[in-house]
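What follows is a single structure, written as structure tokens, with notes after it.
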Amino acid sequence: MHREHLAREIDGLLDCAQWADYCPNGLQVEGRDDIRRIVTGVTASLALIERAIALRADALIVHHGYFWRGEDPRVVRQKRKRLALLLAADINLFAYHLPLDAHAELGNNVMLARRLGWSVQGRFGRQQIGCLGSAPQASVGELAQAVARGLGRAPQVVGEAHAPVGTLAWCTGAAQDWIEDAWAAGARTYVSGEISEPTAHFAREMGITYLACGHHATEREGIRALGEHLAAHYGLEHVFIDIDNPA
């Protein structure tokens, strides 16, 4: 499959043109023309690039790529090492951030719900990326246990274990600042990836329970689902690689 053909197909599938994002979505580093084997992973770290090279991948497709708004534009230190490896191996790098978070079938938020058995009943937040719905568990303690089983790590909980879950809101990754939006949308339990110092205070003051489940842990499923979709529809070889990250 030609690189430009793959780029057009993914850009169209995720409707990238509609998103105001913090980074460029789509092809970020150009490699060889012909793509037969793809590797997917959450972040284009040095370790993931090395694994992709070892697997003789033609393209690496990630959720967290490069060239973020406000970052140092110079190609120095870790950025130089990563780009040098990609260019030397002639591997294409594709990255999809907010379009992959929000996609109705393959997105991180929908895939997290599918993994944990939550029902999606609405949307909230900026550009309507976050989800509203319900969980099968009645109490926060039961919900936290289910999250730990499903994601392989115990969440950090701000709130009482015996409290009812009620209406559930979630947004993967670093969406802890959306806790007020979740509360305004009617949620009484909010799940995201990270936690910041103000998050606990907001949760206690508003009476909303907060679960920080890990940025990486909550964003593994979308990129894996995208890779599986591309393999099934275009006959590409696909390998998902999970480079563990405790954050």
Pairs with Cβ under 7 Å, 6+ apart, first in the stretch 1-27 and at positive phi, second of a type in the set (Asp, Glu): 26/11
Among the residues that make up the stretch 198-215, is at least one of them farther than 27 Å from residue 152 by Cβ, in contact (Cβ under 8 Å) with a residue 12 or more places away in the chain and aliphatic (A, V, I, L, M)? yes
Selection within the stretch 16-49 - farther than 18 Å from residue 228 by Cα and loosely packed, with under 15 Cβ neighbours inside 10 Å: 17, 18, 20, 22, 32, 33, 34, 46, 47
Run down 55, 46 and say which single residue is among the hydrophobic types (A, V, I, L, M, F, W, C), under 22 Å from the mean Cα position of the chain (by Cα) and on the phi < 0 side of the Ramachandran plot. 46
Determine the pairs where a residue that is over 18 Å from residue 117 (Cα atoms), located within the stretch 167-188, has a partner that is among the aromatic types (Phe, Trp, Tyr) and modelled with pLDDT of 95 or more with Cβ atoms under 7 Å apart, the partner being 6 or more residues away or on another chain. 179/190; 179/202; 179/210; 180/202; 181/124; 182/124; 182/190; 185/124
Does residue 98 qualify as being in contact with a His (Cβ under 6 Å, 6 or more places away or on another chain) and under 22 Å from residue 123 (Cβ atoms)? no
Might you check whether a residue that is within 22 Å of residue 99 (Cβ to Cβ), under 21 Å from the mean Cα position of the chain (by Cα), surrounded by fewer than 21 Cβ atoms within 10 Å (Cβ to Cβ) and of a type outside the set (Gly, Ala, Ser) occurs anywhere in the stretch 213-221? no
Flag if residue 183 is among the aromatic types (Phe, Trp, Tyr) and either surrounded by fewer than 17 Cβ atoms within 10 Å (Cβ to Cβ) or under 14 Å from the mean Cα position of the chain (by Cα) (or both): no
Would you confirm, using the coordinates I've provided, whether residue 102 is crowded, with 22+ Cβ neighbours inside 10 Å and of a type outside the set (Val, Ile, Thr)? yes
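The values are calculated or read from the model by the stated rules, or taken from the named source; none is laboratory data. What you see is a predicted model, and the numbers here were worked out from it, not measured in a lab. So basically every Cβ, Gly included, is an ideal-geometry build from the backbone, and we count neighbours across all protein chains shown.
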